[in-house]
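Report on one structure; see the data block that follows.
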Amino acid sequence: MEGECQFVDDAPDLQQRLLEADVVVLATPVYFYSIPSQAKAFIDRAQSLWMKGHVLRQNVGQAGGRGVLICVGGSRGEKLFSGINLTVRYFMDTLGKNLAARLCFREVNDKRAILQHPTALDEAREMGRRFAADENYRVEEI
């Protein structure tokens, strides 16, 4: 229980970059109401950071900054993004970031289908504009 990952690879360097970043964006498809396994494996590797910060009460890096979630899923399911919202919120918390914004779109199945979505591009532009202009910008109810 030392807060150190037992795998030796580039993950600690990548995590350090995320800890130091002003903004962290996770853009992903949603499969079966969850994050794809590759992204989830990377998030799970942050368990050592969580252990350091929340159990051992060590400083894991600069606190502050914001997180953004951008995702698409093929289903119309009401709870399509419920699981991913929680996972990403707690991942961002582990990195010391507030999950300040999210864009999640249903019924996007095909490659480039987001380009045909009636509001997605306008919503993304508006969120980006507001996010860049106001460091306190935060989407409600995340």
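Of all residues in the range 76-119, those that are part of a loop (DSSP other than H, G, I, E, B) and either under 20 Å from the mean Cα position of the chain (by Cα) or over 20 Å from Ser37 (Cα atoms) (or both) total 16. If you go through the range 21-39, how many residues are closer than 16 Å to Gly73 by Cα and of a type outside the set (S, T, N, Q)? Going through the range 21-39 one residue at a time, the tally reaches 10. Residue pairs whose Cβ atoms lie under 6 Å apart, sitting 6 or more positions apart in sequence or on different chains, and linking a residue in the range 124-139 that is under 12 Å from Ala100 (Cα atoms) to a partner that is loosely packed, with under 14 Cβ neighbours inside 10 Å and at pLDDT 90 or above, do not occur here. Which residue pairs have Cβ atoms under 9 Å apart, sit 6 or more places apart or on different chains, and have a first residue in the range 1-29 that is over 17 Å from Leu95 (Cα atoms) and a second that is among the small types (Gly, Ala, Ser) and modelled with pLDDT of 75 or more? Final answer for the pair search is Glu2/Ser48; Gln6/Ser48; Thr28/Ala39; Pro29/Gly73; Pro29/Gly74. Of the residues Ser37, Ser82, the single one that is of a type in the set (S, T, N, Q) and either buried (at least 17 other Cβ atoms within 10 Å of the Cβ) or free of Cβ contacts under 8 Å to residues at least 12 places away in the same chain (or both) is Ser37.
Within the range 91-117, the residues that satisfy the criterion of being within 17 Å of Gln47 (Cα to Cα) and in contact (Cβ under 8 Å) with a residue 24 or more places away in the chain are Phe91, Met92, Thr94, Leu95, Gly96, Lys97. For the range 23-67, filtering for residues that are part of a strand (DSSP E or B) and either among the β-branched types (Val, Ile, Thr) or under 26 Å from Phe131 (Cα atoms) (or both) leaves 11. For the range 10-22, filtering for residues that are surrounded by 14 or more Cβ atoms within 10 Å (Cβ to Cβ) and in a helix (DSSP H, G or I) leaves 5.
Being closer than 19 Å to Cys104 by Cα and at pLDDT 90 or above holds for only one residue in Phe32, Phe42, and it is Phe32.
Evaluation of Ile70 against the conditions (1) part of a helix (DSSP H, G or I); (2) surrounded by fewer than 20 Cβ atoms within 10 Å (Cβ to Cβ) shows that the sole unmet condition is (1).
For the range 40-58, give me each residue that is among the basic types (Lys, Arg), out of contact with any helix residue (DSSP H, G or I) (no Cβ under 6 Å at 6 or more places or on another chain) and surrounded by 12 or more Cβ atoms within 10 Å (Cβ to Cβ). Lys40, Lys52 - these are the residues of the range 40-58 that are among the basic types (Lys, Arg), out of contact with any helix residue (DSSP H, G or I) (no Cβ under 6 Å at 6 or more places or on another chain) and surrounded by 12 or more Cβ atoms within 10 Å (Cβ to Cβ).
The values are calculated or read from the model by the stated rules, or taken from the named source; none is laboratory data. Note that the structure is predicted; figures quoted are calculated from it, not measured. No Cβ is skipped: glycine too gets one built from the backbone with ideal geometry, and neighbour counts run over all protein chains shown.
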